[in-house]
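The values are calculated or read from the model by the stated rules, or taken from the named source; none is laboratory data. Since we're looking at a predicted model, the values are computed, not measured. Methodologically, a virtual Cβ is constructed for each residue, glycine included, from the backbone with ideal geometry; neighbour enumeration extends over all protein chains shown. All accessible areas refer to the heavy atoms of the entire protein, side chains included, with ligands and DNA or RNA removed. Shrake-Rupley method; radii C 1.70, N 1.55, O 1.52, S 1.80 Å.
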Amino acid sequence: MATPPLALIAELTHRCPLHCVYCSNPLQLRTNSEELPTGVWTQVLEQAAKLGMFHVHLTGGEPLARSDLNSLVSVAHSLQLYTNLITSGIGMNEKKLASLLAAGLDHLQLSFQDAEESSADRVAGVPVHARKVALANLIHECKNLAFTVNLVVHRHNLDRLDSMILFAESLGPQRIEIANVQYYGWALKNREWLLPTREQVQRSVVIVERAQERLKGQVKIDFVTPDYYASFPKPCMGGWGRQLMLVDPSGMVLPCHAAAVIPGIDFENVREKPLSWIWEESASFRRFRGEDWMPEPCRSCDRRALDFGGCRCQAFLITGDAAATDPVCSLAPTRKLIDERLARANSVTNPGYRSAPAPESADPWTYRSQPA
């Protein structure tokens, strides 16, 4: 029997007022008409609590686009689930924030695209940075709400990482997450322009370590390094079907955000099967759980219980085989595919080599579209 999952990632909607070029949502977004109604989401939360989960991460798209968000927070709170709202903040005001707190919201994670307004708005595709800053000031006044500032970093803002950390610190969070773009969804489509140079990555590690030491005991700083520059893969989502369950806006249940890209796997839907059966019995969650599926060199590697073979979605997106060793691993037979990408990223002939944004008239990015 599988160990119970720790947390539920509830993708309430794919609707979002932002158009971020690195969004991890799939290219084929769920439409409004496909979204689960309040009653079904309530059943999902009840099943999550019964299954033994501790946390629920309310995300999207933009979860504030759901008119029933307060009700869902209240349900989760009544079930003793720790509630974390992952948001752009657009759609939030003082009254809405107060109502979410009254409903039992425990934690709010607010994303920022940069410290500089013009650059942040350009990445988001809409002028929202100033509104985010105003909201952060409101959040800082809420004494019973844990607050994380999320900074998404990439080629076009890593050179400003020092100032970005100072900016995030000024907002008064308990935690700062500095997350390098992970290449799924819209980020994969924009990878050529987002993948940082080796020099940027090396410099960012030093900057983060310095900030962690300076803010030790005051603000926790987590740093998500870029996979492509690693020697070994990270244990993606804690391993396939080992710690987390994600329910997308239509009710499809996945072991991670990007799993639906893998062909040949039939993922169950909460409209048809309970979470407990999906976790314990479904072929989709058992597909890459454990070690039986592993090829060499994973099968005989001492790290197999640490990284679980790496990310199955990344393996598929780069090699075409979801059962392959994650190609970011230095031991992977397909590591050359990553090295080729890095060679291009670090070449001055790459049109995205420079870290400064190109003129708007020459904007190379594909912005996230919106569902119907």
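Points worth noting:
- If the condition is being among the β-branched types (V, I, T) and more than 19 Å from the chain's Cα centre (by Cα), then region 134-164 contributes only I139.
- The numbered conditions (1) closer than 27 Å to T83 by Cα; (2) hydrophobic (A, V, I, L, M, F, W, C); (3) at pLDDT 95 or above are all true for C142 except (3).
- When region 1-14 is filtered for residues that are buried (at least 22 other Cβ atoms within 10 Å of the Cβ) and part of a loop (DSSP other than H, G, I, E, B), the ones remaining, listed by number, are P5, L12, T13, H14.
- Matching residues, region 279-301, being among the basic types (K, R) and open to solvent by less than 70 Å² (accessible area, probe 1.4 Å): R289
- Pairs with Cβ under 9 Å, 6+ apart, first in region 296-317 and over 17 Å from R242 (Cβ atoms), second polar (S, T, N, Q) and open to solvent by less than 50 Å² (accessible area, probe 1.4 Å): E296/T325; P297/T325; C301/T325
- Residue pairs whose Cβ atoms lie under 9 Å apart, separated by 6 or more positions or on different chains, with the first residue in region 11-28 and small (G, A, S) and the second not in a loop (DSSP other than H, G, I, E, B), are S24/G185; S24/W186; S24/A187.
- Identity of the residue in region 296-323, of a type in the set (A, V, I, L, M) and within 18 Å of the chain's Cα centre (by Cα), that ends up nearest to F285 (Cα to Cα): A315
- Subset of region 157-172 [open to solvent by 10 Å² or more (accessible area, probe 1.4 Å) and out of contact with any strand residue (DSSP E or B) (no Cβ under 8 Å at 6 or more places or on another chain)]: D159, R160, D162, S163, L166, S170
- Residues in region 266-283 that are without any contact (Cβ under 8 Å) to a residue 40 or more places away in the chain and either aliphatic (A, V, I, L, M) or closer than 20 Å to F316 by Cβ (or both): D266, F267, E268, I278, S282, A283.
- Residue count for region 136-156, restricted to those that are open to solvent by 10 Å² or more (accessible area, probe 1.4 Å) and more than 25 Å from T366 (Cα to Cα): 8.
- Residues satisfying the stated conditions in region 302-333, i.e. surrounded by 18 or more Cβ atoms within 10 Å (Cβ to Cβ) and either in a loop (DSSP other than H, G, I, E, B) or touching a His at 6+ places or on another chain (Cβ under 6 Å) (or both): F308, G309, G310, C311, A322, A324, T325, D326, P327, V328, C329, A332
- Filtered by the rule that a residue be touching a residue at least 12 places away in the same chain (Cβ under 8 Å) and open to solvent by 20 Å² or more (accessible area, probe 1.4 Å), region 34-53 gives E34, E35, T38, V40, T42, Q43, E46, Q47, A49, K50, L51, G52.
- Selection status of A230, among the small types (G, A, S) and open to solvent by 20 Å² or more (accessible area, probe 1.4 Å): yes
- Among (1) at pLDDT below 95; (2) among the β-branched types (V, I, T); (3) buried (at least 22 other Cβ atoms within 10 Å of the Cβ) - the single one V224 does not satisfy: (3)
- From the options L8, L72, L64, residue that is within 21 Å of A260 (Cα to Cα) and either touching a helix residue (DSSP H, G or I) at 6+ places or on another chain (Cβ under 9 Å) or in contact (Cβ under 8 Å) with a residue 24 or more places away in the chain (or both): L8
- R175 vs. criteria without any contact (Cβ under 8 Å) to a residue 60 or more places away in the chain, open to solvent by 20 Å² or more (accessible area, probe 1.4 Å), of a type in the set (K, R) and touching a strand residue (DSSP E or B) at 6+ places or on another chain (Cβ under 6 Å): yes
- Residues being in a helix (DSSP H, G or I), under 21 Å from Q109 (Cβ atoms) and of a type in the set (A, V, I, L, M, F, W, C) - total across region 50-68: 2
- Checked against (1) touching an Asp or Glu at 6+ places or on another chain (Cβ under 8 Å); (2) buried (at least 21 other Cβ atoms within 10 Å of the Cβ); (3) farther than 18 Å from H257 by Cα, T87 passes all but a single condition, namely (3).
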